[in-house]
Amino acid sequence: MRTLLIVNPNATSTTPATRDLLAHALESRTQLTVAHTQHRGHAAELAQWASTNEMDLIVVHGGDGTVNETINGFLPLPELNDGQAWLPRLGVIPGGSANVFARALGISPDPVTATNQLIDLLTLERDRKIGLGLADDRWFTFSAGVGLDADVCEAIDNSRANGHAATPARYIRTTVRQFFRARRKDPTIRIEIPGFAPVGKVHYAFITNASPWTYLNSTPVHTNPGTTFETGLGVFAVRSMSVAPTLLLARQLLAANGNPKSHNLFREDDVPSVRVTTAEPIGLQIDGDFIGKRNVVDFTSVPDVLDVIAPQPNRVRITP
């Protein structure tokens with residue numbers, strides 16, 4: 001087995017010790033090449049190289065942004081996929097501040113434990129086929145967001161550029177600050193889903209491909225608990241930014257068996273596609289990275305498109 005290990009040395013919890021442990025474990029079972037990312041977009045370039053050279057496995061040691069870059073580097077878009085592209089399997093060892101994708105797959109947030117999981121699954125030859133989401137022409141693994149969530153990601157990116165770590169406390173402070181800024185604006189988002197009446201006057205929306213949508217330290221946050229890697233996309237569109245309804249909704253999101261409902265919320269957990277439009281350009285985030293501002297974004301569910309080394313899912317049915 002030929003393996004490429006992509007390491008983001010600048011990720012929040014990536015350490016030389018963990019990298020060396022992971023490399024040693026993989027070297028004992030595979031023909032290993034190790035590459036460190038050196039700039040934004042480098043993981044995509046390395047993943048494309050691995051696919052071109054028909055490597056069997058890509059293991060990413062980094063955060064959600066590095067994982068997203070890697071997938072977008074080697075996985076062709078549906079309209080360009082003629083079935084001839086070489087598609088490596090993907091393994092993930094958490095190394096970022098949130099690691100939502102890995103944790104949603106059942107991979108331990110502890111890098112050492114996750115390394116042992118990966119080796120055990122490789123030994124047992126256990127793969128998992130999952131679906132992904134598309135935001136226009138970019139893959140996303142667990143979530144995309146327009147409005148408030150994107151504003152928070154943009155502010156966090158700016159903080160990182162100024163040398164501040166992306167800690168849970170910083171995310172909370174940034175979210176509160178951006179919430180009170182955003183609530184003064186008119187709701188301009190319109191949601192269109194096949195088979196549903198259009199939903200207008202939305203303040204912000206999450207489009208998810210898995211649940212949890214994110215984590216607050218070790219606490220999972222569920223916007224669409226019925227959405228999984230094996231279903232369509234989840235839509236969570238909020239039509240009020242009044243403080244009291246927002247606090248009630250936040251309480252539901254953090255509940256152990258959260259199943260958020262509100263007359264100010266439009267929620268569907270399994271849809272094939274979503275179109276989001278706005279009168280004025282609005283922020284878009286994909287897997288926690290701020291992408292820019294858009295007037296229109298088309299989201300599409302693409303099932304069974306990625307082979308990952310991860311535990312099999314627990315089958316739990318959520319009643320909407």
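Here are the numbers for the structure shown:
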item	result
Chymotrypsin sites (Phe, Trp or Tyr not before Pro) within the range 65-109, DSSP loop, no more than 16 other Cβ atoms inside 10 Å	Trp86
Among beta bridges that DSSP assigns inside the chain, antiparallel share in %, nearest 5	70 percent
Neighbour cut-off at most 15 other Cβ (10 Å), DSSP loop, trypsin sites (Lys or Arg not before Pro), the range 97-146	Arg126
Computed helical MRE - 222 nm, the chain, DSSP H runs ≥ 4 contributing -39500 (n - 2.57), nearest 500	-9000 deg cm²/dmol
Rounded to 5, percent antiparallel among DSSP beta bridges of the range 38-186	35 percent
Global form of the range 1-59, assessed from the alpha-carbon gyration tensor, a/c cut-off 1.5	oblate
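Bear in mind that the values in this text are calculations on the coordinates, not laboratory data. Since the structure is predicted, the reported quantities are computational estimates derived from the model, not experimental observations. Positions of Cβ are generated from backbone atoms using ideal geometry, with glycine treated the same way; all protein chains shown enter the neighbour counts.
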